[in-house]
Amino acid sequence: MNRTLRALVGAIFATIIAIASSPQIAAGSSMSLLGNQDFNDGKSPVFASEMAAAGADEPFPFDGSLFGNDFVDDSLGSFVYTHTFDLGGETPNEAELTIGLIDHDSFAATFPVDTIDFYFDGVKQPDAIFKGISARPSSVSVVTVPVPVNFILDGELVVYFAATKPGSSYDGNGIAPDFSLLEFRTIPEPTTIVMLGIGGVFITRKTLLGK
């Protein structure tokens, strides 16, 4: 094998590996943001006046509204919103939702209460991640959860959060959303990566043979 051929073979493998491992080529990422992140994870306490001021110019339900009330018997809050987005003809491989949830009263105690249910397109999702992460008397929890891809193929995701019970020592449970960020990623099929690699090889071959 002469030097030019060895260089060409090496270029083939190097080009395909580089393309396949490149974050820019290997995955495309898009997002849908509702509301603005006004509060960092763990902020405590969070007052109703702060929420109203921070969300004044944001769309409902991210406008500082509080749903339910901690001190009114059986007043359990809930809210719903919809992410609408354009997939651009691509089929996502994975997706996740990050939400800033305010005051869901599941305190990090010996026996933390499961106070939250949430749903995607009407289907209940695993919610153990929300259990026991609150601080007294109120706090913000910024949580990221996976979104099954089949829920976003139509370009919409309906998100519903509901307080199902009060936290310890409260009568009700008022909750509110700070922001919601939906991210989805598309990874090219292996054949696409190989075709990109072949294109790079032709360029490399032409360069080598031209020397």
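Values in this text are rule-based calculations from the coordinates and carry no lab data. Model, not experiment: these values are computed from the prediction. Glycine gets a Cβ as well: all are built from the backbone with ideal geometry, and neighbour counts include every protein chain shown.
Some observations on this one:
- For segment 28-187, projected area of the alpha-carbon convex hull averaged over all directions, nm²: 9.1 nm²
- Listing Leu157, Leu181 from fewest to most neighbouring C-beta atoms within 10 Å gives Leu181, Leu157.
- For Ser30 and Glu94, the difference between the fully extended length at 0.36 nm per residue and the C-alpha to C-alpha distance is 21.9 nm.
- Seen through its C-alpha gyration tensor, with square-root eigenvalues sorted a ≥ b ≥ c, segment 50-132 comes out oblate because a/c lies at 1.5 or above while a/b is not bigger than b/c.
- Cβ-derived FRET efficiency at R0 25 Å, Val149 paired with Asp63, nearest 0.05: 0.25
- FRET efficiency, Tyr119 to Asp41 (Cβ-Cβ, R0 25 Å, nearest 0.05): 0.65
- Assigned charges on the beta-carbon of Lys, Arg, Asp, Glu; segment 28-187 dipole about Cα centre (debye): 400 debye
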